[in-house]
Amino acid sequence: MDYNKLNITTIQAVKIAWNLFRIKGTAKALPGELDFNFKISDDNGSDYILKISRPDEKESYLNFQQEILQHLSLNAKDLITPKVITDFKGNSISEFVDDYGQLRKVRLLSWIQGRVWSGINPQLDDLRYSLGRQCGKLTKALQGFIHPEANRDFEWDVAQGAWTEKHIDLFKDEEKEILTYFQNTFKNAQPAYSTLRKAVMHNDANDNNIIVTASLVAPKVVSAIDYGDSVYTQIINDLAITCAYAIMHHNDPLQAALPIVKGYHKNFSLTPQELEHLYICIAMRLVISVTKSAINKITEPDNSYLLISEAPAWELLKKWRKVSADYAYYSFREVCGFNSHPKEKKFNIWARGKNLNLSQLFPTLQKNQVHHIDLSVSSKWLGHESEFNDLDFFQYKLDKLQKQHPENILAGGYMEPRSFYTASSFEKIGNHGRENRTIHLGVDFWLSSNTPVHAILNGEVVTSVFDNSFKNYGGLLILKHNEGDLIFYTLYGHLSKSSITKIKTGDQIKMGDHIGNLGESTENGNWAPHLHFQVMLSMLDYKLDFPGVAYFNQKQVWQGICPNPMLLFKNNEIEVKSEIPNDELITYRKNHLGKSLSLQYKVPVKMVRGSGQYLLDQYGRKYLDTVNNVAHVGHEHSAVVKVGQQQMALINTNSRYLHDNINELAQELLETMPKELSVLHFVNSGSEANELAIRMVKSVTNEKDIIASEVGYHGNSNMCIDISSYKFDGKGGKGAPEHTHIFPLPDSFRGKYKGENTGELYAKEVKKQIDIVQSKGRGIGALIVEPIISCGGQIELPKGFLQKAYQYIRAAGGLCISDEVQVGCGRLGKTFWGFQLHNVIPDIITIGKPLGNGHPLAAVACTPEVAEKFANGMEYFNTFGGNPVSCAIGAEVLRTVKREGLQNHALKIGEYLKTELQKLAIEFQIIGDVRGQGLFLGFELVDFENNPLGKHADYLANRMKDHGILLSTDGPDHNVIKIKPPMVFTKENAQELIFYLKKILAENFMTTY
């Protein structure tokens, strides 16, 4: 039928609402497959949904829908569902004749307040869990409801999905193969599937039928609407349909489905038999959807709603085809509280009864005990990555450990989180950013190459890989074992390829048979020789290989699929290294550490290893660090670590003894300075550096009055707090002390003076403070300011400001201090020190964080005149300042900056990143300003009137952390995102940062302000 003769306009809807229901208001068209739906808003502020059927709609079918709603209204009072509203004659189903003489049925329902699922961004695990709970609650409420129309023939019923086979010729190539695969799988499952529980189901929890609370923070599903697709069918179909729509647009759809399944099971218990069919039922709903879309393109090409899910359904189908059905089933079981593998308990009992000896695996060794070797992310034995990546050194450590335990076999690794699986094959982009496979699924036995390996059980060879196609990881054997109704597999990895060439798939292996020898390191991925031994209760879909490492968020599922191999051996079950749970660490901190010591992020992270621009948590998850300017040349830079270790092994004492290192560090620093700054003092922190600088000022000028910037921060000692507006003007502060004078933050974006050419205006604010001090009969001690004000929000000083301010200060007899604790050592790219951006030379500069790359080291550089006057007879001594270890580290940091060209790198990457951030600011108006130099950048979040959006900045930082990127906020209103990563930050890192910033900035919370 001509779609234009069916369509209803909003003008007509308004008339129908008045004529039939005496409701006067406005109408807004809503999507619908069969009905024409409208939101009616009356003059009293009430909302309704008006549903107008097609002319050929059966009244019994419409009555079916109305009775479902009435049933729920009476029997499920804790459910929010649409209420049936009768017309002015008392009919629950009304009618009218349209302009073409066609009789149309009309229904009016109450409106459910909230947002539809399709408009929610992001759709997080908690939201999907609430979706599952809501749908499970609805299923429970519908138990016992019956109606003749529920048993109708219905193309959208998954159970009736075989009809799609008749239309397979509408597709070709990959699409046809995918549909055929799922159709055949569903057909083969029918004997068991047909026995599953059935009931009347909602059957259409799509993304326009799910209502979510209006809250932007922690939204919850409150209702399912539109019961037009309800049908009597297998209960599992309802969950499958809910999943099918809610997991679209996710990189990992199976992971996205699990909270839904968990929530559904919480309110309506599912059986393992039902879960076994969930994977194929999800697929069949998608098969029906894309088939209907293909048909609708022919029959109703003008009805765009009928095609709305076509593209995302195909995207999901292609991803779903790559998911192992067995793995999906085990995942569903685990999230519902069952053992992930149904035979897990049975295997564990059987394995403990075997009481095998390790000497049966390695008969030539005659050793039956193991010594556990820790290769976890947090392993101190494993050491620095440069050590475990050095095969010779790693082998040396193994040999030494073996000599200490000559009667034992070095072994370990089961369920151990490891950090050295860095190849792209171990990585994917999941639903929350980059993920690495880190959880080791087997046990490694570290032995000499060519050590004979023997079968410990009778079995059949199902995999024998010994050619070069196996990624240079040596030979691999997988044996299948049949113990009654218990079938499992054992995997022997990293064997010598030449030792297994005669073993073929299908060969029968007997207990005690020699099956191969351990391979050399050259055919073992350049790792020391070892046997990777693993047990699997399923091969999933693998033929020639099987994963030896899993993703952390899948750990519990894999633990069921791959039980602990050491259960097979007598008295040798290796305990998995246990980590103290984060909540216990937090509780202890709260009880025993200072209350003012805060943690980053709403859900804090525990970091146990650093590597370049990354930090790793205890489970091996990598976080891209965009915050830590302390790790100047990269976290745990091998050269810096090495010189520190070497010097610590010799001596570490104070600077009263002669030592080359202090002179070498001084020489490296002075090479970066203007000749006027030629005297150095070494201390332990930026706070000590600024404390010492103020002492120098007082000695040189005999004055106490210091001028500093609003929202400036210069350290945590008493004297530094006294000159830090960020502290004394903030929470818990008591305002400026008598001798501290604060000029307005020189912020040309939201400061006192805005726009271009504000430098002189802000310099005059410094002059005003000078005048105030002099009006009290006192002189000026110094001006202290950062070249880019960090805690103020990465504020770049206006052009000309510093030159003019220095002139005013010096004319008043004061000194000029450049606080380079945050910005120094090449980070700004254009110059090595921040003051050099402004063509000035201070009297004193203070250096801190970056100089030690994480080691406590800082310095004060000053002119000879300042140094001479400071040396007034009172000795300056610092026990640890300038010690040999610190100086060795500092000199190596400066050499690394020079050797690796990191200053120019900061310029190049910083300019690229700043340009990309400026592009983001055009797309997202919430970014009001982008500023900074090199790899010391910031962007400010504001509303349309430039009011600060601190909560949005906090949200952005926490959401980026969820995606494996560390950000932090700054500024007096905490609305500035600061970006000051380790200097090894790459263009690829910058692109990843921009990608996820764009993703999060588009979320509901960020776009609503």
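Just so you know, all these numbers are worked out from the coordinates, no wet-lab data involved. Just so it is clear, the structure is predicted and the values come from calculations on it, not from any experiment. Neighbour counts run over all protein chains shown; Cβ positions are idealised from the backbone, glycine included.
Tell me the relative contact order for the chain as a rounded percent, counting alpha carbon contacts under 8 Å between residues six or more apart.
Details: 2016 pairs, mean separation 83.5, N = 1009.
Taking the mean separation of contacting Cα pairs over the length of the chain, I get 8 percent.
For every helix of n ≥ 4 consecutive DSSP H residues, a contribution of -39,500 (n - 2.57) applies; sum these over the chain, divide by its total residues, and give [θ] at 222 nm rounded to the nearest 500 deg cm²/dmol. Don't jump to the answer; show the numbers that get you there.
On the way: 29 runs with 340 residues, N = 1009.
When only DSSP H runs of four or more count, the value is -10500 deg cm²/dmol.
What is the spin-label model distance, in nm, from Ser386 to Gln366 if the labels are put 7 Å beyond Cα along the C-beta direction?
4.4
In debye, nearest 20, what is the charge dipole magnitude of the stretch 115-335 about its Cα centre with +1 on Lys and Arg Cβ and -1 on Asp and Glu Cβ, if you could check?
Details: 23 positive and 26 negative charges, 132 e Å.
That gives the stretch 115-335 a dipole magnitude of about 640 debye.
Once you charge only the Cβ atoms, +1 for Lys and Arg and -1 for Asp and Glu, what is the size of the charge dipole of the stretch 525-608 about its Cα centre, to the nearest 20 debye? Mind dumping the intermediate values first?
Details: 9 positive and 7 negative charges, 84 e Å.
With only Lys, Arg, Asp and Glu charged at Cβ, the dipole is about 400 debye.
Just how far, in whole angstrom, is the stretch 114-162 from the stretch 329-369 if you go by their alpha carbon centroids?
39
Can you compute the modelled spin-label distance between Ser578 and Leu79, with each label point 7 Å from Cα toward Cβ, in nm?
With each label point 7 Å from Cα toward Cβ, the separation is 4.4 nm.
Calculate, in nm to one decimal, what Leu658 and Lys266 gain on full extension: separation in residues at 0.36 nm each, minus their alpha carbon distance.
Working: separation 392, 0.36 × 392 = 141.12 nm, distance 7.11 nm.
This chain segment gains 134.0 nm when fully extended.
By how many nm would the segment from Asp545 to Lys919 lengthen if fully extended, with 0.36 nm per residue of separation less the alpha-carbon distance?
Numbers: separation 374, 0.36 × 374 = 134.64 nm, distance 4.50 nm.
Working it through step by step, the gained length comes to 130.1 nm.
On a C-alpha basis, how far is the centre of the stretch 627-681 from the centre of the stretch 550-618 in Å? Whole number, if you could?
Cα centroid to Cα centroid, the span is 34 Å.
Compare the peptides 686-692, 866-872 by average per-residue count of other Cβ atoms within 10 angstrom and give them in order, highest first. Please report the intermediate quantities before stating the final value.
On the way: 686-692: 26.1, 866-872: 15.6.
Sorting 686-692, 866-872 by mean packing, highest first, produces 686-692, 866-872.
Taking the stretch 337-488 as the region of interest, what is the percent of Cα-Cα pairs per 5 angstrom bin, listed from the shortest bin to the one with the maximum distance?
2, 7, 11, 16, 19, 18, 15, 9, 3, 0
Relative contact order for the stretch 902-1007: what is it in percent, counting Cα pairs under 8 Å that are at least 6 residues apart? It would help to have the intermediate numbers written out before the result.
Details: 163 pairs, mean separation 28.6, N = 106.
Relative contact order of the stretch 902-1007: 27 percent.
Put a dot 7 Å past each Cα toward the Cβ at Gln508 and Asn450; how far apart are the dots in nm?
3.3
Local charge sum around Ala76 (other residues, Cβ-Cβ under 9 Å, Lys/Arg +1, Asp/Glu -1)?
Values: positive: Lys77, Lys137, Lys140; negative: Asp78.
Spelling it out: positives minus negatives among the neighbours equals +2.
May I ask you to derive the FRET efficiency for Thr180 and Gln645 from their Cβ-Cβ distance with R0 = 60 Å, giving the value to the nearest 0.05? It would help to have the intermediate numbers written out before the result.
Working: r = 62 Å, r/R0 = 1.03.
FRET efficiency, Thr180 to Gln645: 0.45.
Mind checking which of Val942, His963, Thr1007 is farthest towards the positive end of the stretch 902-1007's charge dipole, using Cβ charges of +1 (Lys, Arg) and -1 (Asp, Glu) about the Cα centre?
The residue sitting most towards the positive pole is His963.
Percent of Cα-Cα pairs more than 20 Å apart in the stretch 123-260, please.
Details: 5061 of 9453 pairs.
Roughly 54 percent, rounded to a whole number.
What is the chain by shape, rounded, prolate or oblate, if you read a ≥ b ≥ c off the alpha carbon gyration tensor as root eigenvalues and call it rounded for a/c under 1.5, prolate for a/b larger than b/c, and oblate otherwise? Let's see the in-between values first.
Working: a/c = 2.86, a/b = 1.30, b/c = 2.20.
Judged from the Cα gyration tensor, the chain comes out oblate (a/c at least 1.5, b/c at or above a/b).
Dipole size in debye (nearest 20) for the chain around its Cα centre, Lys and Arg Cβ +1, Asp and Glu Cβ -1?
Working: 109 positive and 113 negative charges, 239 e Å.
Computed charge dipole of the chain: roughly 1140 debye.
Using a cut-off of 13 Å between beta-carbons, work out the net charge of the residues near Val700 (Lys and Arg +1, Asp and Glu -1, Val700 not included). Before the final figure, lay out the partial values.
Details: positive: Arg695, Lys698, Lys704, Arg810, Lys869; negative: Glu703, Asp843, Glu865, Glu868.
Charge balance near Val700 sits at +1.
Using 0.36 nm per residue of separation minus the Cα-Cα distance, give me the extension gain between Gln102 and Asn44 in nm, one decimal.
On the way: separation 58, 0.36 × 58 = 20.88 nm, distance 3.22 nm.
Result for the pair: 17.7 nm of gain on full extension.
Roughly how far apart, in whole Å, are the Cα centres of the stretch 952-1009 and the stretch 743-805?
Spelled out, the Cα-based centre of one part sits 29 Å from the other.
Relative contact order (percent) for the stretch 644-728, with alpha-carbon contacts under 8 angstrom and 6 or more residues of separation?
Details: 57 pairs, mean separation 15.6, N = 85.
Taking the mean separation of contacting Cα pairs over the length of the stretch 644-728, I get 18 percent.
Compute the FRET efficiency between Asp374 and Ala423 as 1/(1 + (r/R0)^6), taking r as their Cβ-Cβ distance and R0 = 22 Å, and round to the nearest 0.05. Provide the component values of the computation, followed by the final result.
Values: r = 22 Å, r/R0 = 1.02.
The computed FRET efficiency comes out at 0.45.
Among the DSSP beta bridges whose two residues both lie in the chain, what percent are antiparallel, rounded to the nearest 5? Numbers along the way, then the final one.
On the way: 105 of 127 bridges.
Approximately 85 percent, going by the DSSP bridge assignments.
Could you tell me the calculated FRET efficiency between Arg695 and Ser775, based on Cβ-Cβ distance and R0 = 25 angstrom, to the nearest 0.05? Kindly include the intermediate steps, with their values, before the conclusion.
Working: r = 26 Å, r/R0 = 1.04.
That pair, Arg695 with Ser775, gives E of 0.45.
Order 978-991, 823-836 from most to least packed using the mean count of other Cβ atoms within 10 Å. Kindly include the intermediate steps, with their values, before the conclusion.
On the way: 978-991: 21.9, 823-836: 24.6.
So the order, starting with the most tightly packed, is 823-836, 978-991.
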